[in-house]
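To start, the structure under review is shown below, and the notes come after it.
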Amino acid sequence: MPEDKSKKSLLKIKIGNEVKEVSYEELVLSNNLATEVLVSLLIEKKVIEPQEYLKKLQDVRQERYRDESEF
């Protein structure tokens, strides 16, 4: 049976005497959460406007991806 890559250990983190294995899925979810929090704080503190963020997101997608229909 093929190995589930999302459950495979991507890296190990040592905290004190404990070693924690981090999967790709855990890393992606953690990164996504951190990004959501950061954007929320920037909007909440009125550093950026929601529409400004959405416009920039659209611009970056168009720069990096050829087929915008995927989104």
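For residues that are more than 26 Å from L10 (Cβ to Cβ), touching a helix residue (DSSP H, G or I) at 6+ places or on another chain (Cβ under 9 Å) and either assigned to a helix (DSSP H, G or I) or among the hydroxyl-bearing types (S, T, Y) (or both), tally how many sit in segment 20-51.
Within segment 20-51, the first condition is being more than 26 Å from L10 (Cβ to Cβ), and the residues that meet it are 40-51.
Now restrict to residues that are touching a helix residue (DSSP H, G or I) at 6+ places or on another chain (Cβ under 9 Å): 42-43, 47-50.
With either assigned to a helix (DSSP H, G or I) or among the hydroxyl-bearing types (S, T, Y) (or both) added as a condition, the list becomes 42-43, 50.
Residues flagged as more than 26 Å from L10 (Cβ to Cβ), touching a helix residue (DSSP H, G or I) at 6+ places or on another chain (Cβ under 9 Å) and either assigned to a helix (DSSP H, G or I) or among the hydroxyl-bearing types (S, T, Y) (or both) within segment 20-51 amount to 3.
Yes/no matrix, rows are residues, columns are (1) on the phi > 0 side of the Ramachandran plot; (2) of a type in the set (F, W, Y); (3) modelled with pLDDT of 90 or more:
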{"residue": "D4", "(1), (2), (3)": "no, no, no"}
{"residue": "L11", "(1), (2), (3)": "no, no, no"}
{"residue": "Y24", "(1), (2), (3)": "no, yes, yes"}
{"residue": "E36", "(1), (2), (3)": "no, no, yes"}
{"residue": "S40", "(1), (2), (3)": "no, no, yes"}
{"residue": "Q51", "(1), (2), (3)": "no, no, yes"}
{"residue": "K55", "(1), (2), (3)": "no, no, yes"}
{"residue": "V60", "(1), (2), (3)": "no, no, yes"}
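The values are calculated or read from the model by the stated rules, or taken from the named source; none is laboratory data. What you are looking at is a predicted structure, and each value in this text was computed from that prediction instead of being measured. Glycine also receives a Cβ, built like all others from the backbone with ideal geometry; neighbour counts cover every protein chain displayed.
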